[in-house]
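Before any comments, here is the structure.
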Amino acid sequence: QVQLVESGGGLVQAGGSLRLSCAASGRTFSNYAVGWFRQAPGKEREFVAAISWAGVSTLYADSVKGRFTISRDNAKNTVSLQMNSLKPEDTAVYSCAASARKAGMGAYDYDYWGQGTQVTVSS
């Protein structure tokens, strides 16, 4: 089992920045790829970014590419999502997830999920 807890969400104006963190406990975190997903009210969950277990490979949704950066610190069992140039359409609940298989873009790739943190971007 891997337990994941997100933090860092909040309210920010358009153009601003936030840094989300995903803290893990339980099994060896460095064995897992980690992804970030988001879900806005009335919309389906969508992939945001993912990082491989060693941090060598990263993936981004086209909608966040160039604005968001995913990184990890295995010594601290954390994965971060730096979000810059935020837009109102980035408003959603952001969740991190861990995968024992790969850093994929599908929710089905992931085995463990956090509860999520709310990000609200005002115009």
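Of all residues in segment 16-30, which are farther than 15 Å from VAL119 by Cα, more than 14 Å from the chain's Cα centre (by Cα) and surrounded by 13 or more Cβ atoms within 10 Å (Cβ to Cβ)?
Kept after step one, since they are farther than 15 Å from VAL119 by Cα, are these residues of segment 16-30: 23-30.
Next cut, more than 14 Å from the chain's Cα centre (by Cα) only: 25-30.
GLY26, ARG27, PHE29, SER30 - these are the residues of segment 16-30 that are farther than 15 Å from VAL119 by Cα, more than 14 Å from the chain's Cα centre (by Cα) and surrounded by 13 or more Cβ atoms within 10 Å (Cβ to Cβ).
Which of the residues that make up segment 76-99 are over 28 Å from ARG27 (Cα atoms) and assigned to a loop (DSSP other than H, G, I, E, B)?
Selection gives ASN84, SER85, LEU86, LYS87, THR91.
Which count do you get for residues in segment 72-101 that are closer than 18 Å to GLN13 by Cα and not β-branched (Val, Ile, Thr)?
Residues of segment 72-101 that are closer than 18 Å to GLN13 by Cα, as a first pass: 81-94.
From what is left, the residues that are not β-branched (Val, Ile, Thr) are 81-90, 92, 94.
Adding up the residues that qualify gives 12.
What are the residues in segment 84-123 that are out of contact with any Gly (no Cβ under 9 Å at 6 or more places or on another chain) and of a type outside the set (Gly, Ala, Ser), if any?
Scanning segment 84-123 gives PRO88, GLU89, ASP90, THR91, ARG101, LYS102, TYR108, ASP111, TRP113, GLN115.
Within segment 55-71, work out how many residues are of a type in the set (S, T, N, Q) and more than 11 Å from the chain's Cα centre (by Cα).
3
Out of LYS65, LYS102, I need the residue that is among the basic types (Lys, Arg), touching a helix residue (DSSP H, G or I) at 6+ places or on another chain (Cβ under 7 Å) and part of a loop (DSSP other than H, G, I, E, B). Which one?
Numbers: LYS65 fails: touching a helix residue (DSSP H, G or I) at 6+ places or on another chain (Cβ under 7 Å).
Going through LYS65, LYS102 in turn, just one is among the basic types (Lys, Arg), touching a helix residue (DSSP H, G or I) at 6+ places or on another chain (Cβ under 7 Å) and part of a loop (DSSP other than H, G, I, E, B): LYS102.
Which pairs have Cβ atoms under 9 Å, sit 6 or more apart or on different chains, and link a residue in segment 2-30 that is in a strand (DSSP E or B) to one that is among the basic types (Lys, Arg) and surrounded by 14 or more Cβ atoms within 10 Å (Cβ to Cβ)?
Listed by first residue and then by second, the contacts come to VAL2/ARG27; CYS22/ARG72.
Scan segment 34-45 residue by residue and report those that are of a type outside the set (Lys, Arg) and out of contact with any Ser or Thr (no Cβ under 8 Å at 6 or more places or on another chain).
PRO41, GLY42, GLU44
Scan segment 85-121 residue by residue and report those that are more than 14 Å from the chain's Cα centre (by Cα) and open to solvent by 40 Å² or more (accessible area, probe 1.4 Å).
SER85, LYS87, PRO88, GLU89, ALA100, ARG101, LYS102, TYR108, ASP111, THR120
Does ARG38 count as free of Cβ contacts under 8 Å to residues at least 40 places away in the same chain and either open to solvent by 70 Å² or more (accessible area, probe 1.4 Å) or touching a strand residue (DSSP E or B) at 6+ places or on another chain (Cβ under 9 Å) (or both)?
no
The values are calculated or read from the model by the stated rules, or taken from the named source; none is laboratory data. Since we're looking at a predicted model, the values are computed, not measured. Note that we place each Cβ from the backbone using ideal geometry, even for glycine, and neighbour counts take in every protein chain shown. The protein model used for the area step is the full one, side chains on, heavy atoms only, and it has no ligands, DNA or RNA in it. Shrake-Rupley method; radii C 1.70, N 1.55, O 1.52, S 1.80 Å.
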